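Here the structure is laid out as structure tokens; the discussion comes afterwards.
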Amino acid sequence: MMNLKMLPNQQPDENVVLFLRRHWFAWAKLIVSFTVMTMVPLVSAIIFWDKLSPWMSHPVVGPILSMVASIYLLGIWLVTFLEFTDYYLDVWIVTTERVMNIEQNGLFKRTMSEMHLANIQDVTSEVNGMIPTFFKYGQVHIQTSAEKLRFEFKNIANPDQVKETIIRLVDEDKKRHGDIGGAMKQAEPMKKPA
Amino acid sequence: MDLSFPLLYLLIPYVGFLLVIAMYSVFTFYHLVRFGVKGPAFFIVMGVFLAGSLILTMGSVASLAQFDWTTPVNLSSILQVPSASNLGL
């Protein structure tokens, strides 16, 4: 079990600043889907019980219908919980030293990656669409000095605030450890736009 | 020819499904315990998962237990093919 006070390879003065999961809207959709898929057949069975009861009392059809209903309910429960596990185990942690990206894809694929704050070159927040704008959630993209490496915080709450916090932490980290990235940038000759 | 079998045979796929459910539940439980983040939310999630799984499985077994599964199922009555005489030809 992961303990936020004892992260892997944690440095003595390293503290967790942000602990992020996807916005609650992600699992609210899951709960609504589960409720609808459970309640629709249940309510239909209650409404049409007059027509259903002769079938349920049939010695062969009754047990089969009951078995199918059981399999349906257990299947929905399992799928919902698998999806919830996927949501629950997708975590992004920002500390005073690094950014950790932990993603669960299904039950058998798990990705853990991290980068030091000194490697961050660009942080972009993105809110795209009516519902994300209304509920204030979106993406944060973190570009590292390596061209292809890019972290993405998916559907997190308040992406603008998260972006600001990361930028502040990067600045503080540069002050603590020295601005190596800035010195490298200054050494490069500026190119004039065509 | 009178082909019949006890209704009990239909429980074979049901038991198979329960085994799949049990297997996936164990994997889910393992993942939550191994990779979950320590805190009060963790125990709530685990409690809901275990309680829900237990209640649904027990409810399912209890609802199926009230039927008589020794009732023979007559295949010829299920697979009735309309004959020419039935169609009035």
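The values are calculated or read from the model by the stated rules, or taken from the named source; none is laboratory data. Keep in mind that this is a model prediction, so the values were computed, not measured. Glycine gets a Cβ as well: all are built from the backbone with ideal geometry, and neighbour counts include every protein chain shown. Accessible surface areas use protein heavy atoms only, side chains included; no ligands, DNA or RNA. Shrake-Rupley method; radii C 1.70, N 1.55, O 1.52, S 1.80 Å.
Observations on the model:
- The sole residue among B:ALA51, B:ALA65, B:ALA41 that is over 14 Å from the mean Cα position of the chain (by Cα) and either closer than 15 Å to A:LEU74 by Cα or modelled with pLDDT of 90 or more (or both) is B:ALA51.
- Verdict on A:GLU83 being under 22 Å from B:VAL20 (Cα atoms) and either within 15 Å of the chain's Cα centre (by Cα) or open to solvent by less than 10 Å² (accessible area, probe 1.4 Å) (or both): yes
- Filtered residue count, the stretch B:33-68, keeping only those that are in contact with a Phe, Trp or Tyr (Cβ under 7 Å, 6 or more places away or on another chain) and among the hydrophobic types (A, V, I, L, M, F, W, C): 3
- Test: residue in the stretch A:46-60 that is open to solvent by 70 Å² or more (accessible area, probe 1.4 Å), among the aromatic types (Phe, Trp, Tyr), outside any loop (DSSP other than H, G, I, E, B) and farther than 17 Å from B:LEU64 by Cα: yes
- Those residues of the stretch A:92-116 which are surrounded by 17 or more Cβ atoms within 10 Å (Cβ to Cβ), farther than 13 Å from A:ASN15 by Cα and touching an Asp or Glu at 6+ places or on another chain (Cβ under 8 Å), in sequence order: A:ASN101, A:ILE102, A:GLN104
- If the condition is being more than 7 Å from chain A (Cβ to nearest Cβ) and either exposed (fewer than 14 other Cβ atoms within 10 Å of the Cβ) or under 30 Å from B:LEU7 (Cα atoms) (or both), then the stretch B:40-52 contributes B:PRO40, B:ALA41, B:PHE43, B:ILE44, B:GLY47, B:VAL48, B:LEU50, B:ALA51.
- Some residue of the stretch B:16-34 being open to solvent by less than 90 Å² (accessible area, probe 1.4 Å), more than 7 Å from chain A (Cβ to nearest Cβ), at pLDDT below 85 and closer than 30 Å to A:ILE102 by Cβ: no
- Test set (1) outside any helix (DSSP H, G or I); (2) in contact with a strand residue (DSSP E or B) (Cβ under 8 Å, 6 or more places away or on another chain) - A:ALA26 fails condition number: (1)
- Lone qualifier among A:THR133, A:THR80, A:THR144 - being out of contact with any helix residue (DSSP H, G or I) (no Cβ under 6 Å at 6 or more places or on another chain) and either among the hydroxyl-bearing types (Ser, Thr, Tyr) or touching a residue at least 12 places away in the same chain (Cβ under 8 Å) (or both): A:THR133
- The set of residues in the stretch A:55-70 that are farther than 19 Å from B:LEU19 by Cα and more than 7 Å from chain B (Cβ to nearest Cβ) comprises A:TRP55, A:MET56, A:SER57, A:HIS58, A:VAL61, A:LEU65.
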